[in-house]
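Please read the structure below before turning to the comments.
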Amino acid sequence: MHDKDNLPVIVGVGQVVDHWDGQDAEKAPHPLAMIRAAMTLAIEDTSSSNVGPAIDCAAFIRTFPDSLREPVIPFGTISNLPQAVLAKTDLAPRQVIYSAVGGDQPQAMVNELAASLASGECEVAIIAGGEVIGAMKAAMKHGHRLDWSDGTDGPVEDRGKGEPLLSRYELTNGLGMPPQTYAAQEQAWRARHGLSTAGWRELASKMFSRFSEVAAANEYAQFPKALSAEFLATPSRENYPMCDPLLKWHVAQDAVNQSAALVMTTVGKARELGIPEEKQIFLHGHADIKDALVSQRPDLSRSAAIELALEQALTASDLKSSDIAHRDLYSCFPIVPMLAAEALGLDPLNDRLTVTGGLPFFGGPGNNYSMHAIASMVETLRNDRDAYGLVLANGGFISKESVGIYSAAAPTTWAPISSEARQAKIAERPEIALINEDCEAEVEAYTVIHGRDGPASAYVIARNENGRVIARVDTQDANSGSVLAESEDLVGKKVSVVHRDGVNFVSGLARA
C-alpha cells in the first residue's frame with residue numbers, strides 16, 4: 001500500500017438540466033429519472049466500467065418536497081426516495097443515506113464521506129440529488145396530471161428534517177420564509193455599510209449581474225441569460241419587490257429541473273478500478289459550522305459561522321485567501337456571498353465568486369445546489385491543475401456552513417478535520433434574552449414584505465438593555481404603519497412595542 005492510497009478523491013461528476021416548457025406532459029422530467037441520469041453521468045465520467053459494481057455507499061440529498069413541514073406533493077408521494085432511485089439501477093450499496101435538510105448538505109456529505117473512505121468504512125461512494133420544482137409548477141399551471149408516486153421501500157439511514165431553523169418565538173413575531181428572514185439580515189448589513197436602499201441594490205445588482213454572465217455561459221444553467229445591473233437594481237413587473245431591500249432576481253430561483261452527482265473513492269481504490277489520475281480531484285481543508293438561531297446572534301449584519309468555517313478550511317489547507325483561484329460562494333441571497341467576500345478579503349464587484357452562475361441564475365435546486373458547485377469546481381480544476389478552488393455551502397438562514405477546498409494536487413497527508421473548537425466559540429456566546437412584554441428598543445434589522453398590491457406586512461428586530469425583541473408591524477394601523485415611512489433609516493431608531501395575545505407589535509416610533 002502506498003503512503004497516499006487512503007487519500008479521498010472525487011473521481012466522477014455529472015450534471016443534468018431540463019428546460020421543459022410545460023406543454024407536452026409526456027416530456028415532463030421525472031424526479032427519480034433526473035437523479036438517476038446524473039448518477040449515470042457521474043459514473044461514466046470516471047472512465048472506468050468497474051466503478052458501478054464497486055459502489056458500497058450511496059448518499060442522497062433531501063429533496064424539497066421532503067424538507068417541508070407540510071410537503072407539497074400534487075403528483076403523489078415518493079415514500080423512500082433513495083431506494084426508489086436505486087431500484088432501477090444496477091447499484092447495490094450496503095449503506096444508503098438520506099440527508100438532513102439544508103443547502104450545506106452536499107459539501108457536508110463530501111466532508112463526511114471523505115472521512116469514511118479514508119478510514120476504510122466504505123470504498124466507493126456516490127452522492128446525488130435533484131429537483132423538478134420547475135416541472136411541478138409548470139404542470140400545475142397547465143393542468144397536467146402527472147404520477148410521480150412510488151412505494152419502493154428498503155433500508156435507509158434517514159436523517160430527517162434536522163433541528164428547527166426558526167423558534168416558535170421567531171415565527172410568532174414575524175420571521176418565516178427565507179426571503180422575509182434573510183431580508184432583515186440584508187438590512188442590518190446595509191446599515192452597517194451606510195448604504196441607502198438604492199445604494200444596496202446597486203451594489204448587490206452589480207455583483208449578481210456578474211453571476212448571471214457566468215450562468216449565461218453554463219450549459220447546465222436553468223436561466224442562462226446575462227442580466228444587466230440596471231435591470232437587477234430597478235423594481236419592475238419582471239423584477240418586483242419581495243421583502244425590502246430584495247427584488248425578485250436577488251433571490252434564489254427554485255423553479256428548476258436540475259440534478260447532480262459525485263463519485264468518491266480513495267487513490268488506492270481508484271488505481272485498482274482503473275480510474276485515470278487526471279480524473280482525481282482532492283479534498284484539502286474543510287469545515288462544518290452551525291450558528292445559533294437568528295434571534296441569538298450578537299450581530300445580525302455578520303456571520304460567525306461563515307467566518308469560522310472559511311478560516312478553518314484555509315488554515316487546515318495551509319493556504320491564504322489569495323491562494324484560491326476559483327470559488328463558489330453560496331448565493332441564495334446577496335448577503336451570503338457578500339459576507340463570505342468580506343471574510344476572504346475579496347472585492348464582490350471584481351473578484352469572481354462563482355463557477356456556476358449562482359442560485360438566482362444558474363438555478364436553486366433546493367438543498368442540492370452545491371452539488372452542482374462541487375461538480376463544476378471539479379471540472380474547473382481538472383483543467384487548471386495547479387490551482388485551488390473553494391466551495392462554500394450554506395443552509396437555513398445562514399444557519400449551517402460547510403466549506404471544502406479542492407485541488408488536482410494531492411495533500412501531503414489527509415485526516416478528518418474536527419470543527420469542534422470553532423463550534424465551541426459559538427456555543428460559548430452569552431444567551432440573549434427574548435422579550436415578550438411592552439417595551440422600547442433600538443432597531444437592529446427589519447423588513448417590509450410586499451404583496452401584489454404593495455406592502456403587506458413587516459417586522460422589526462430590536463435590542464434594549466433587557467435583551468432582544470422581535471415585533472410585527474401592522475401596516476394597516478396608522479400609528480404603527482408610520483414606522484414604514486422611516487424604513488430607509490429605521491436601523492438605530494427606537495420603537496415602542498406592545499405585547500398582546502402572545503404577539504409583539506410595533507405601536508410606533510418611541511418619543512425622543
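The values are calculated or read from the model by the stated rules, or taken from the named source; none is laboratory data. For clarity, every value in this text was computed on a predicted model and none was experimentally measured. Here the Cβ is made from the backbone with ideal geometry for all residues, glycine too, and neighbour counts use every protein chain on show. Please note that ligands, DNA and RNA were not included when accessible areas were found on the heavy atoms of the full protein model with its side chains. Shrake-Rupley method; radii C 1.70, N 1.55, O 1.52, S 1.80 Å.
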Legend entry - Filter pass, Arg511 being in a loop (DSSP other than H, G, I, E, B) and at pLDDT below 95: yes
Inset, instruction - Please identify the pairs in which a residue from the stretch 139-156 that is of a type in the set (Lys, Arg) has its Cβ atom under 7 Å from the Cβ atom of a residue that is assigned to a loop (DSSP other than H, G, I, E, B) and open to solvent by less than 60 Å² (accessible area, probe 1.4 Å), counting only partners at least 6 apart or on another chain. - result: Lys141/Gly22
Inset, instruction - Please verify whether the stretch 416-431 includes one or more residues that are over 26 Å from Lys320 (Cβ atoms) and not charged (D, E, K, R). - result: yes
Inset, instruction - Please note which helices (runs of 4 or more DSSP H) are completely contained in the stretch 51-138 and include at least 3 residues that are open to solvent by less than 10 Å² (accessible area, probe 1.4 Å) and modelled with pLDDT under 95. - result: none
Legend entry - Only one of Asp254, Asp299 that is within 29 Å of Ala471 (Cβ to Cβ), among the acidic types (Asp, Glu) and either surrounded by fewer than 22 Cβ atoms within 10 Å (Cβ to Cβ) or free of Cβ contacts under 8 Å to residues at least 60 places away in the same chain (or both): Asp299
Inset, instruction - Name every residue in the stretch 331-354 that is part of a helix (DSSP H, G or I) and of a type in the set (A, V, I, L, M), in order of residue number. - result: Ile335, Val336, Met338, Leu339, Ala340, Ala341, Ala343, Leu344
Legend entry - Search result, residues across the stretch 221-241 that are open to solvent by 50 Å² or more (accessible area, probe 1.4 Å) and under 20 Å from the mean Cα position of the chain (by Cα): Phe223, Pro224
Inset, instruction - Could you list all residues from the stretch 115-151 that are within 21 Å of Pro53 (Cα to Cα) and touching a helix residue (DSSP H, G or I) at 6+ places or on another chain (Cβ under 7 Å)? - result: Cys122, Glu123, Val124, Ala125, Ile126, Ile127, Ala128, Gly129
Inset, instruction - Any residue in the stretch 157-169 that's free of Cβ contacts under 8 Å to residues at least 12 places away in the same chain: show its pairings with residues that are open to solvent by 90 Å² or more (accessible area, probe 1.4 Å) at Cβ separation under 9 Å, as long as the two are six or more apart or on different chains. - result: Glu163/Lys290
Inset, instruction - For the stretch 229-241, state whether one or more residues are more than 29 Å from Asp318 (Cα to Cα) and in contact with a Cys (Cβ under 9 Å, 6 or more places away or on another chain). - result: no
Inset, instruction - Report whether or not Asn504 is polar (S, T, N, Q), within 32 Å of the chain's Cα centre (by Cα), over 22 Å from Gly194 (Cα atoms) and at pLDDT 90 or above. - result: yes
Inset, instruction - Answer yes if at least one residue in the stretch 203-215 is without any contact (Cβ under 8 Å) to a residue 60 or more places away in the chain, buried (at least 22 other Cβ atoms within 10 Å of the Cβ) and in contact with a Ser or Thr (Cβ under 9 Å, 6 or more places away or on another chain), and no otherwise. - result: yes
Legend entry - Residues within the stretch 162-195 that are touching a Ser or Thr at 6+ places or on another chain (Cβ under 8 Å), closer than 16 Å to Arg69 by Cβ, in a loop (DSSP other than H, G, I, E, B) and open to solvent by less than 30 Å² (accessible area, probe 1.4 Å), tallied: 3
Legend entry - Single residue of Tyr369, Tyr406, Tyr388 found to be open to solvent by 50 Å² or more (accessible area, probe 1.4 Å), under 25 Å from the mean Cα position of the chain (by Cα) and among the aromatic types (Phe, Trp, Tyr): Tyr388
Inset, instruction - Mind listing just one residue for me: the one in the stretch 419-460 that is assigned to a loop (DSSP other than H, G, I, E, B) and of a type in the set (Val, Ile, Thr) and, of those, nearest to Arg500 (Cα to Cα)? - result: Ile435
Inset, instruction - Could you check Lys425 against (1) over 30 Å from Tyr169 (Cβ atoms); (2) touching a residue at least 60 places away in the same chain (Cβ under 8 Å); (3) not polar (S, T, N, Q) and say which number it fails? - result: (1)
Inset, instruction - Those residues that are of a type in the set (D, E, K, R) and under 28 Å from Phe397 (Cβ atoms), I need them from the stretch 139-179; list them, please. - result: Glu157, Asp158, Arg159, Lys161, Glu163, Arg168, Glu170
Inset, instruction - Determine if the stretch 2-24 includes at least one residue that is under 29 Å from Pro416 (Cα atoms), open to solvent by 10 Å² or more (accessible area, probe 1.4 Å) and without any contact (Cβ under 8 Å) to a residue 24 or more places away in the chain. - result: yes
